[in-house]
Number of protein chains: 2
Amino acid sequence: MPKPLPLLEPLPTAADCCVPLAASPLSATDARELANRLKALADPARLRLLSMLLASENHEMCTCDLTGPLGLSQPTVSHHVKVLAAAGLVVGERRGTWTWYRVVPEALTGVARVLDPAGC
Amino acid sequence: MPKPLPLLEPLPTAADCCVPLAASPLSATDARELANRLKALADPARLRLLSMLLASENHEMCTCDLTGPLGLSQPTVSHHVKVLAAAGLVVGERRGTWTWYRVVPEALTGVARVLDPAGC
DNA sequence: AGTCAATATTGACAACTGTCGATCTCATCC
DNA sequence: GGATGAGATCGACAGTTGTCAATATTGACT
């Protein structure tokens, strides 16, 4: 359990696609793209992982601190963060031996906004 | 392509779970529940289906009007609307030979609100 | 009853996914 | 350099999922 270092740079911005679901019938490619992001979210372990990151002290955690609470093996946790990172929902940063992950809030907000028929 | 009848009753309300993702680490059961909803959303065909419903004239369509634009067989469309209905995201109503489906906007809004770390 | 049309269900199959053990990579410290 | 420890990757396996053809069900209309 290493001590978290203070972040040096602001959180990176994420591609936040903005094709509101309710505006017009989604094209096949837009639908595939949004589905990919939602697929990354649609897993209990990854949702818990995200919420743990968001609720953590410095809004970041290393893999070693995630395996225990999630009750999953280290390779499995590594797999999940990789899926989330590929979807742009988290970013990882290597500092020495550890890799620190944090959520990209803009990405989550983007997905939320696309979904909400009330327009948010 | 039958003519859509005017809706007689207001849209039904849906269970909108409200455990904000960012507030605290999600419990295993809460995560599973939210993941189930997201799994229902995380498919290109179902996303297109939802957006077609939302963008349609009377905010409802019958199965027969969905198969063509989606480019999927009738059983497959029937399968997808069933998944969406099981997740509470759409409701179907049989009128004569046809079944009319419409989105439950509250359900979508609920998911969007849970996801958004900005709190909406 | 009998026919027709829309929808739902079933069965089957290929593709994808979550999980873990084993192994590999890389940075740190002696 | 060698040892240690965190994390990533690989290979395998069970479970799930999207799809369709075939069939069943339901409602309308003679």
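The values are calculated or read from the model by the stated rules, or taken from the named source; none is laboratory data. This one's a predicted model, so the numbers in the text were calculated from it and none came from an experiment. The protein model used for the area step is the full one, side chains on, heavy atoms only, and it has no ligands, DNA or RNA in it. Shrake-Rupley method; radii C 1.70, N 1.55, O 1.52, S 1.80 Å.
The interface between chain B and chain A buries about 2700 Å² of solvent-accessible area in total (1.4 Å probe, ligands and nucleic acids excluded). Amide H contacts for B:MET61 (H built 1.01 Å from N in the peptide plane; partners 5 or more residues away or on another chain; cut-off under 5 Å): B:TYR101. Apolar share of the accessible surface for segment A:28-115: 51 percent from carbon plus sulfur atoms, 1.4 Å probe.
Quick check for you: with a 1.4 Å probe and neighbouring chains kept, what is the accessible area per residue of segment A:28-115, in Å²?
Details: 3560 Å² over 88 residues.
Here the residues of segment A:28-115 average 40 Å² of exposed surface.
The distance from the alpha carbon centre of segment A:34-93 to that of segment B:57-120 is 29 Å, rounded to a whole number.
Contour minus end-to-end for B:GLU57 and B:THR97, with contour as 0.36 nm per residue of separation and end-to-end as the Cα-Cα distance? Present the calculation step by step, with values, prior to reporting the outcome.
On the way: separation 40, 0.36 × 40 = 14.40 nm, distance 2.03 nm.
Result for the pair: 12.4 nm of gain on full extension.
Solvent-accessible surface, computed for protein heavy atoms with a probe of 1.4 Å, shrinks by 50 Å² or more for the following residues of segment A:39-60 when the other protein chains are added to the isolated chain: A:ALA42, A:PRO44, A:LEU47, A:ARG48, A:SER51, A:LEU54. In sequence order, segment A:89-106 has phi-based couplings of 8, 9, 10, x, 9, 7, 10, x, 6, 9, 10, 9, 10, 9, 6, 9, x, 4 Hz under the Karplus curve 6.51 cos²θ - 1.76 cosθ + 1.60, θ = phi - 60°, and Gly or Pro positions carry x.
Taking Cα pairs under 8 Å and at least six residues apart, what relative contact order does segment B:56-120 come out at, in percent?
Working: 54 pairs, mean separation 19.8, N = 65.
Over segment B:56-120, the number comes to 30 percent.
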